[in-house]
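Here's the structure we're looking at; comments come further down.
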Amino acid sequence: MASVPDISAIAAELGRSGLITRGGFNFGPGDPAPDGPRGRPARSVLLVGQAGAAPWAHFTEWLAVQGGEVTDLLDTWSRTVIGAVAERHGARAVSPSDRPFLPFQQWAMRAENLRPSPLGILMHPDYGLWQAYRGALLFDAWLPDEEPHAPNHLCDACASRPCLSACPADAFSDTGFDFAACLAHLRSEAGRTCREAGCQARNACPQDSFRYLPEQQAFHMAAFIDAAATPQ
Ligand code: B12
């Protein structure tokens, strides 16, 4: 019988790289569960993510010693860090970039009771829009059952929704995200501010205590443009 995962030990190990656990849950009988470490459908999943600038120094330190041939830099760093933790704790590590795409936002909404902001990015009660996922750990063991607390969805109290009027390319609307309009703008001369200072819609959100560093935002925008150029 697989032993119950030691969440606090896992959190401590991830914390050394500026990463955090982002909640988890046990798959129910009807839930589609990816394979666990032994090739059978996993019993539980623990999400791993980042908030604010915490992992940036660890990532750039790692980056400084990587040769030029490494691609998908942040994904590769995340897989290295989370893969080692998975190894030590008898889990299988998966990434938000693994294909076919795993439903990370659906898992996140269930694990931490979060809901999407008008931008499609989930809104977190502490970190706002300045958080994302770097991976997940799949276990053959059950996690201790905990009812996630019901955070108040900060967007519900935000009447002005500045995020929906800040985009110079009008890429965000009630109907969703116009990826092509965003990309065309980013690739244009006029897109310089978005490329260098980050997404103006995301930066317009008043929940900014964990805003990413300017260089961190520029890195994500460059990765976003590169990803769009890579044939899927
Ligand atoms: C494909 C993809 C995109 C595509 C299409 C959007 C889409 N349909 O999700 C594009 C390229 C447009 C995109 C853009 C961005 N993305 Co994206 N994207 C993904 C990815 C890899 C797969 C989505 C998917 O199909 N999942 C499979 C389905 C079955 O799972 P799902 O949970 O049901 O999918 C949800 C999303 O599709 C969401 N959704 C639908 N439309 C859109 C549009 C946007 C912009 C977002 C964020 C979500 C979203 O709705 C579904 C239910 O919630 C996910 C990671 C993942 N594995 O899920 C990241 C992910 C959703 N993206 C993320 C982020 C942060 C972004 C960007 C902000 C990145 C950036 N820095 O530029 C931009 C947003 C644009 C901007 N400038 O603000 C984060 C969101 C984290 C969070 N806190 O919610 C994720 C989870 C990746 C991560 N590492 O954390 N993305």
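The values are calculated or read from the model by the stated rules, or taken from the named source; none is laboratory data. Keep in mind that what you see is a predicted model, and the values were worked out from it rather than measured. Note that we place each Cβ from the backbone using ideal geometry, even for glycine, and neighbour counts take in every protein chain shown. Note: areas computed on protein heavy atoms with side chains; ligands, DNA, RNA excluded. Shrake-Rupley method; radii C 1.70, N 1.55, O 1.52, S 1.80 Å.
A few comments on the model shown:
- Scanning region 5-32 for residues that are surrounded by fewer than 16 Cβ atoms within 10 Å (Cβ to Cβ) and either farther than 21 Å from A150 by Cα or in the same structural domain as F210 (by TED's automatic domain parsing) (or both) turns up D6, S8, A9, A11, A12, G15, R16, P29, G30, D31, P32.
- Looking only at region 119-156, and only at residues there that are within 17 Å of the chain's Cα centre (by Cα) and assigned to a loop (DSSP other than H, G, I, E, B), the one that is nearest to A171 (Cα to Cα): L119
- Close pairs from region 209-231: first assigned to a loop (DSSP other than H, G, I, E, B) and open to solvent by less than 50 Å² (accessible area, probe 1.4 Å), partner within 9 Å of the ligand (Cβ to nearest atom) and aromatic (F, W, Y), Cβ under 7 Å, at least 6 apart: Y212/W130
- Residues within region 125-142 that are buried (at least 18 other Cβ atoms within 10 Å of the Cβ) and either more than 29 Å from R192 (Cβ to Cβ) or among the basic types (K, R) (or both), tallied: 8
- Test: L102 is under 20 Å from the mean Cα position of the chain (by Cα) and buried (at least 21 other Cβ atoms within 10 Å of the Cβ): no
- Pairs, first more than 14 Å from D156 (Cα to Cα) and outside the structural domain of P162 (by TED's automatic domain parsing) in region 101-121, second within 8 Å of the ligand (Cβ to nearest atom) and part of a loop (DSSP other than H, G, I, E, B), C-beta under 7 Å, six or more apart: F104/P96; A108/L114; I121/L129
- Exactly one residue out of A91, A84, A108 is more than 9 Å from the ligand (Cβ to nearest atom) and open to solvent by less than 30 Å² (accessible area, probe 1.4 Å): that is A91.
- Of all residues in region 165-176, those that are open to solvent by 70 Å² or more (accessible area, probe 1.4 Å) and either at pLDDT below 95 or of a type in the set (V, I, T) (or both) total 2.
- S117 within 12 Å of the ligand (Cβ to nearest atom), open to solvent by less than 50 Å² (accessible area, probe 1.4 Å) and in contact with an Asp or Glu (Cβ under 7 Å, 6 or more places away or on another chain): no
- Options A181, A141; residue that is modelled with pLDDT of 95 or more and assigned by TED's automatic domain parsing to the domain that holds P118: A141
- Answer residue from region 168-183, given it is of a type in the set (G, A, S) and outside any strand (DSSP E or B) and is nearest to the ligand (Cβ to nearest atom) among those: A171
- Selection from region 184-214 of residues that are of a type in the set (K, R), closer than 17 Å to Q50 by Cβ and more than 11 Å from the ligand (Cβ to nearest atom): R211
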